[in-house]
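Contents: one structure, followed by commentary.
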Amino acid sequence: MILYNLLRVLLYFIIMILSIFNKKLLNFFKTRLFQKMENNKFLNNNEKAILVHFSSVGEFNLSKELIEKILQARKGEKNQKVILSVMTDTGFSAVSKIYSEDKNVKIFYFPLDDFFAMKKIYKKYKIEKTIVVETEIWPNLYYFAQKNGQLFIVNGRLTEKKLKSYLKFGWLIRKTLNCATKIMVQSIPDKERYERLGIDKNKIKVYKNLKYSIKYNKISNEQKKYYFDTIINKNKKVIVCGSTRPNEEKIWLEVFKMINIDNEYQLVLVPRHLERLGEIENIILEKFSKDDYSLITQIEKEKINFKTQDWKKIIVVDKMGVLTDFYQLADFVFVGGTLVDIGGHSILEPLYYGKKPIIGEYFQNIEEIVKDAKELGFVEIVKNKDEIIEYLKKSENIDTREFFEKNNEIDKILNEIY
């Protein structure tokens, strides 16, 4: 710990010099290291707080149900006081949007594991339990969490690649992680990797991914009508390809060209990264005409007369935050990062809406969820274009309510914490 904090002091000097020439960097550290941390009567005399730490919007989204249950955990008594610690600006904005007016919640930027800032937070807010969402290893946070109460890691995940890098600093990582009272991980392979790090195996428990507890938004009838009036042809079989990566659009455009002989399908491409739009448009134009496709923003901007509109065969979604809308409108859903060696993105969103996801063979990032879905026939794994085309000729409805109820283990996680 002493060596760790001495190295941090050296790092501060380097950052101070770099910040002179970089205002963005200066602001990043200023907002985190010099934020106000007054109690402001947040706690009464006998009250103690729970701190929940997560990195960004993604971790916050999967933690929402856990946070709500913690806030309600002392029903009949005074409400539980919760401090939410978040690293990123987007995460801070997302948290503030929901909890800024809640008197039982305090929101902080994570102070970058600064020893004195962490000491101040734990002293002022009488934190008795600390919950770290997924595996972020911060020695000072873990030290003060253990010193002042109990530390819990929930939804822990440890890849083979991360394990190899941690083993280089085995003594520090081992000492830090063993501060935890309980480490709740997503799978047996994660548990085994923690054990290889030298973590006390009695501390490690396996529970299902917190993603099973997420309550995804459902679009209203008005929103559906808007989409059907503007973008989606409800008379076609709609294929939605979500979070696509390089080369996946090309594969699906070739599939679409081969299967759409009788003009009975519509293809919606939702790329993972919007900066690739130019590249995707060029791929489309290799096989289709300019009149065959449109960007969503073009449709919205041009305010097309929808009664006389020629429906586009291909839609490219060039805006953020609407992928789940299109999953709900789809007849078929492909989840990207699986036909190329990325490892896959979440298949739970389409499953939540009763859509059987189509994925490729590269799903190592979502292996446990795919395993759960595969047992019930709730995922279609394809190896090539021929298998994709064969599946698109089918029509299949699934009821996934029991699937989510069975795999939602949030109450078991809470029982470990309380």
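Structure above, values below:
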{"read-out": "Total residues in region 29-47, condition assigned to a helix (DSSP H, G or I) and either open to solvent by less than 70 Å² (accessible area, probe 1.4 Å) or touching a Lys or Arg at 6+ places or on another chain (Cβ under 7 Å) (or both)", "value": "4"}
{"read-out": "Meets criteria (open to solvent by 10 Å² or more (accessible area, probe 1.4 Å) and part of a loop (DSSP other than H, G, I, E, B)) for GLY337", "value": "no"}
{"read-out": "Matching residues in region 104-148 - criterion: being under 20 Å from LYS162 (Cβ atoms) and part of a strand (DSSP E or B)", "value": "VAL132, VAL133"}
{"read-out": "Residues being crowded, with 21+ Cβ neighbours inside 10 Å and in a helix (DSSP H, G or I) - total across region 202-226", "value": "4"}
{"read-out": "Of all residues making up region 372-407, the number that are open to solvent by less than 60 Å² (accessible area, probe 1.4 Å), in a loop (DSSP other than H, G, I, E, B) and either touching a residue at least 24 places away in the same chain (Cβ under 8 Å) or of a type in the set (S, T, N, Q) (or both)", "value": "5"}
{"read-out": "Candidate set from region 353-371 (those that are outside any strand (DSSP E or B) and among the hydrophobic types (A, V, I, L, M, F, W, C)); member that is most open to solvent (accessible area, probe 1.4 Å)", "value": "PHE363"}
{"read-out": "Residue in region 94-103 that is open to solvent by less than 70 Å² (accessible area, probe 1.4 Å), touching a His at 6+ places or on another chain (Cβ under 8 Å) and in contact (Cβ under 8 Å) with a residue 24 or more places away in the chain present", "value": "no"}
{"read-out": "Some residue of region 51-67 being over 22 Å from ILE137 (Cβ atoms), in a helix (DSSP H, G or I) and open to solvent by 90 Å² or more (accessible area, probe 1.4 Å)", "value": "no"}
{"read-out": "Selection from region 160-194 of residues that are among the basic types (Lys, Arg) and touching a Phe, Trp or Tyr at 6+ places or on another chain (Cβ under 8 Å)", "value": "LYS182"}
{"read-out": "Top-ranked residue of region 126-155 - restricted to ones that are within 17 Å of LEU84 (Cα to Cα), modelled with pLDDT of 95 or more and of a type in the set (Ser, Thr, Tyr), ranked as surrounded by the most Cβ atoms within 10 Å (Cβ to Cβ)", "value": "THR130"}
{"read-out": "Tabulated pairs, region 243-269, first without any contact (Cβ under 8 Å) to a residue 40 or more places away in the chain, second open to solvent by less than 10 Å² (accessible area, probe 1.4 Å), C-beta under 6 angstrom, 6+ apart or interchain", "value": "GLU249/LEU269; GLU249/ILE280"}
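Let's see how each residue does on (1) crowded, with 16+ Cβ neighbours inside 10 Å; (2) in contact with a Leu (Cβ under 9 Å, 6 or more places away or on another chain):
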{"site": "LYS237", "(1), (2)": "yes, yes"}
{"site": "LYS250", "(1), (2)": "yes, no"}
{"site": "LEU253", "(1), (2)": "yes, yes"}
{"site": "PRO271", "(1), (2)": "yes, yes"}
{"site": "THR297", "(1), (2)": "no, no"}
{"site": "LYS312", "(1), (2)": "yes, no"}
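The values are calculated or read from the model by the stated rules, or taken from the named source; none is laboratory data. Because the structure is a prediction, the values reported are computed rather than measured. For neighbour counting, all protein chains shown are included, and Cβ atoms are generated from backbone atoms with ideal geometry for every residue, glycine included. Note: areas computed on protein heavy atoms with side chains; ligands, DNA, RNA excluded. Shrake-Rupley method; radii C 1.70, N 1.55, O 1.52, S 1.80 Å.
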